Amino acid sequence: MIASRTPVSLHSLLVAGGHGKRCVAGAGGRKRGRVQRRHLTQALESFWRHAPRPAPPAAAARGEANRSWQPPPLENPAFEEYYKEQRIVREEEWDDFISVLRKPLPATFRINASSQFFKDICSKLENDFKRYLESEVSDEYGEDAIRPLPWYPGNLAWHLNFSRKQLRKNQALESFHEFLKHESEVGNITRQEAVSMVPPLFLNIQPDHHVLDTPGSKTFQLLEMIHQSKEPGLLPRALVVANDVNAQRCDLLIHNMKRMCTANLIVTNHEAQNFPDCRIANDLSEIYKKDCKPQRLEFDRVLCDVPCSGDGTIRKGHDMWRKWNSGMGNGLHLLQVDISMRGIALLKVGGRMVYSTCSMNPVENEAVIAELLRRSGNSVELLDVSNELPELVHRPGLSTWKVQDKGSWFQNHDDVPCDRKNVILPSMFPSNKSIQEGQSVCDDIEVNTGSNGSFSRNFSIEKTNKVYCDTDGISNSNTTKHSDSTPNSTSSNFPLHRCMRIVPHDQDSGAFFIAVLHKLSPLHECQMVEVTKTEVLDDDESLEEQKKISIDAHTSEDSNLTEVALVTDDVKNDQAESGNRMNKLQDQCKWKGVDPVLFFRDLTVIKSIVSFFAINISFPLEGHLVTRSADPNNARRIYYVSKSVQEILQLNVEVGEQLKIASLGLKMFETHRSKDGCPCAYRLSYEGLPLLLPYISKRILCASPNDFLRLLQYRTVNFAHFINARFGEEAASLIPGCCVVILREGHQNLDLGSITMDPTTIAIVCWRGKATLNAMVSPPDRKELLERITQRFGLKALRVEEENPRRQN
């Protein structure tokens, strides 16, 4: 069959080769034989190179398998039995519920309101894409193919009637898909599941709030909120601390946050349940003194979007149908409680904490909230926030549920077999009692948990047998009986109806759970201490499998920002040390494998930068500059931090660097390697330019739209090749070094100060070389600027990919 499909068959080649060998005789024959063998070799090589080859048996089998492959069935009898038994929806709407779960999840995205081009993006969506999609794909996806989410403030969040997969595959949606990808890359929009945007909205963040996002999953949205409320030309007073236990996920978080260009963010790398409080004062009365520097790390708002089984994301993570089992939620319950209790401990009195999961399982949701209320007693209340987003369709939390283990159902902990009581805990069941109903002794003080702030079952029994604590079935002495529900009770008396459940078929979304807690008073010692270390895992699942389930589920929930990974760091925090630690810790880092965070104190360099760019004294640099270089005198990059971040850094140094900081601040200055004779060793960073521009009065050039466009297109332009000869002369008159080029729109005669103070001003960082001006802007940012300028002024520009710098030099 192969020979018939090629000019020369393998058989004929072999026969020719054989005849050649038999014809060899004498010297001439040997020569002819060598020639023939060489020709034969070449022919064979050509044959094997061009002839189609039969597939190996394994490959052929795979090919057959691919032809017969069918997508996995979107069903799981155990899943359906479990949630029918839990009655998360009424019996008459069960079919609608399951039907929606089997449909693709609509794509959604959010506009960054603090973006410089926020108005341009809104206009393009409403005037261009909305009309185009309604005319092109309305038959396939309905009239409202794209529409704002009615419950999200300011029409900043948008819903599409097609999934992300459909968005990639449909040719009619190609231009819209490219628009979303590019705007996401430069930080103007964030593609995120709709229900995942809900929790930050209930935090009610104010301009001066310190916010903890642990695990760090909604950080970008939180930063949008604090920057949206800032005054023009000023940094917000608020800050966000985003924490993730896994270093790789921290790196991804840092990469995503670069799009925000903020000086009000700290990224840390800790187990969420052991997040340090950086306590200085041993006397608790000192901690709450007003008008003094911080004595411990506390937050006005805490977002606990905890790791969960993730079955609420089943619409876009179809593999969940195959691997789901009830043990997934049981195995994560105690960790969820630990993380949430740590969040409450770090919350200021009067502060608000939002607990959320992308799970439908009451063991991960209402059971956790009931346990938090039981442990916290009167220190915490569950808020009813149903009126804060009136257009968000939601349902009240459950007050009754059951627990399943190895196929068996249990209504209370007394029914659980003895060999399973260490796996199925009392806190997983509905409870009627608070911690005060059974305790015998409780000192009215907030416990000092030490520098690591851990209450994850690592206290010894000997140290706690004098104080009763609700340990939920974990014995703490021979004479103390734990608080539990009555044997026949299956309903909780806690106001769990104030929790919020979002179900998919109500508004064509994923599933989500949200609870909002308000801290009324400091926690007591008996509310914070746990006694023994208990591993809560199903016998059939290893710890690693539970970790993998949690990671996969949260990666599915948000493709842009990932949730916490349940990986242990085994890092111990040191006790606070007295004395002058500030200077001692400026030359080293406590955490292995992590670059130190050092205040940049080289006054000679700072004065050189201030003088070169004429930076106004109203913009303070001293005390706000940090570097991650082990040798601060040779720092390649210098970062700027806000006042609030500066205070936390100083506190962290005083307590012995308890915080493991992965990233912080806004890159403001970078060293250069130019030999053009620049007197300043540092240049401006494009990321930090919007913050610094209003305070610079030297090294600024104003370009016409055509010259600005030319500079973006070719990156390097000779002074003589600018359209406006005067602009080229002004550039040539500068001494070599970094400068700023501002787009002067039209024939405006405003003074330079007014232009730089305008938040809508478009500016880029450039380098004045020997005979050229060079734009120092990344390709994505250049592409964005090119599109904005060409649309605004009706100019024609080359594509960034078509640039040819040599054409202008």
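If I model a spin label at LYS323 and LYS643 as a point 7 Å from the Cα along the Cα→Cβ vector, what separation in nanometres do I get? If labels sit at LYS323 and LYS643, their model points lie 4.8 nm apart.
In the complete set of protein chains, residue-level accessible area for SER491 is approximately 50 Å², probe 1.4 angstrom. A simple rule links phi to the HN-Hα coupling: the Karplus curve 6.51 cos²θ - 1.76 cosθ + 1.60 with θ = phi - 60°, which for the range 597-614 gives 9, 10, 5, 8, 10, 6, 5, 4, 5, 4, 5, 5, 5, 4, 5, 5, 9, 6 Hz, with x for Gly and Pro.
Annotation: extensible slack from LYS258 through ARG87 equals 57.2 nm (criterion: 0.36 nm per residue apart, minus Cα-Cα distance). What the Cβ-Cβ distance of THR790 and ASP758 gives, at R0 = 25 Å and to the nearest 0.05, is a FRET efficiency of 0.75. Phi angles across the range 80-90 convert, under the Karplus curve 6.51 cos²θ - 1.76 cosθ + 1.60 with θ = phi - 60°, into 3J(HN,Hα) values of 5, 4, 4, 7, 5, 5, 7, 6, 6, 9, 5 Hz, Gly and Pro given as x. Full extension of the chain segment joining ASP419 with HIS518 gains 31.9 nm, where the gain is 0.36 nm per residue of separation less the Cα-Cα distance. Checking every one of the trypsin sites (Lys or Arg not before Pro) in the range 92-198 against DSSP loop status and a limit of 16 other Cβ atoms within 10 Å picks out ARG102.
Paramagnetic label reach from TRP409 (point 7 Å along Cα→Cβ; backbone nitrogen cut-off under 12 Å): within the range 82-101, residues 82-88. Rounded to 0.05, the FRET efficiency of the LEU603 and ASN718 pair, given R0 = 41 Å and the Cβ-Cβ distance, is 0.60.
Karplus-derived 3J(HN,Hα) values for the range 375-382, using 6.51 cos²θ - 1.76 cosθ + 1.60 with θ = phi - 60°, are 5, 7, x, 8, 7, 9, 10, 8 Hz; glycine and proline are entered as x.
Summing Lys and Arg as +1 and Asp and Glu as -1 over all other residues whose Cβ lies under 13 Å from the Cβ of GLU366 gives a net charge of +4. Return the FRET efficiency for the residue pair ARG673, ALA172: r is the Cβ-Cβ distance, R0 is 35 Å, and the value is rounded to the nearest 0.05. The computed FRET efficiency comes out at 0.15. Electrostatic bookkeeping for LEU167 treats Lys and Arg as +1 and Asp and Glu as -1; over the other residues with beta carbon under 11 Å from its beta carbon, the sum is +4. Its residue count N sets the reference 2.2 N^0.38 Å, and the alpha-carbon radius of gyration of the range 106-191 equals 1.01 times that reference. For the charge dipole of the range 106-191, defined by +1 on Lys and Arg C-beta atoms and -1 on Asp and Glu C-beta atoms about the Cα centroid, which residue among LEU173, LEU149, ASN127 has the Cα displaced farthest towards the positive pole? The listed residue farthest towards the positive side: LEU149. For the range 635-771, what class follows from the C-alpha gyration tensor (a ≥ b ≥ c being the square roots of its eigenvalues): rounded when a/c is under 1.5, otherwise prolate if a/b is larger than b/c, else oblate? Prolate is the answer for the range 635-771, as a/c is 1.5 or above and a/b outweighs b/c.
Loop-located trypsin sites (Lys or Arg not before Pro) in the range 632-666 (DSSP state other than H, G, I, E, B) with a sparse environment of at most 13 neighbouring Cβ atoms within 10 Å: ARG636. For the residue pairs LYS119/LYS783; LYS698/LYS796; LYS119/LYS181; LYS258/LYS783; LYS84/LYS421; LYS218/LYS519, the C-alpha atoms sit more than 20 angstrom apart in LYS698/LYS796; LYS84/LYS421; LYS218/LYS519. The GluC sites (Glu not before Pro) of the range 379-434 that meet both conditions, a loop assignment by DSSP and at most 13 other Cβ atoms within 10 Å of the site Cβ, are GLU388, GLU391.
Take LYS348 and LYS165, extend 7 Å from each Cα along the Cα→Cβ direction, and tell me the distance between the two endpoints in nm. Each label point is offset 7 Å from its Cα along the Cβ direction, giving 4.7 nm. Annotation: amide H of VAL403 within the under-5 Å range of PHE410, sequence separation 5 or more or interchain, hydrogens built in the peptide plane.
Decide, for the range 598-671, between rounded, prolate and oblate: order the square roots of the alpha carbon gyration tensor eigenvalues as a ≥ b ≥ c, take rounded if a/c falls under 1.5, and otherwise choose prolate if a/b is larger than b/c, else oblate. It is prolate, given that a/c is not under 1.5 and a/b is the larger ratio.
The values are calculated or read from the model by the stated rules, or taken from the named source; none is laboratory data. Source: prediction; values computed, not measured. Cβ sites come from the backbone with ideal geometry, for glycine too, and all protein chains shown count toward neighbours. For accessibility, only protein heavy atoms count, side chains too; no ligands or nucleic acids. Shrake-Rupley method; radii C 1.70, N 1.55, O 1.52, S 1.80 Å.
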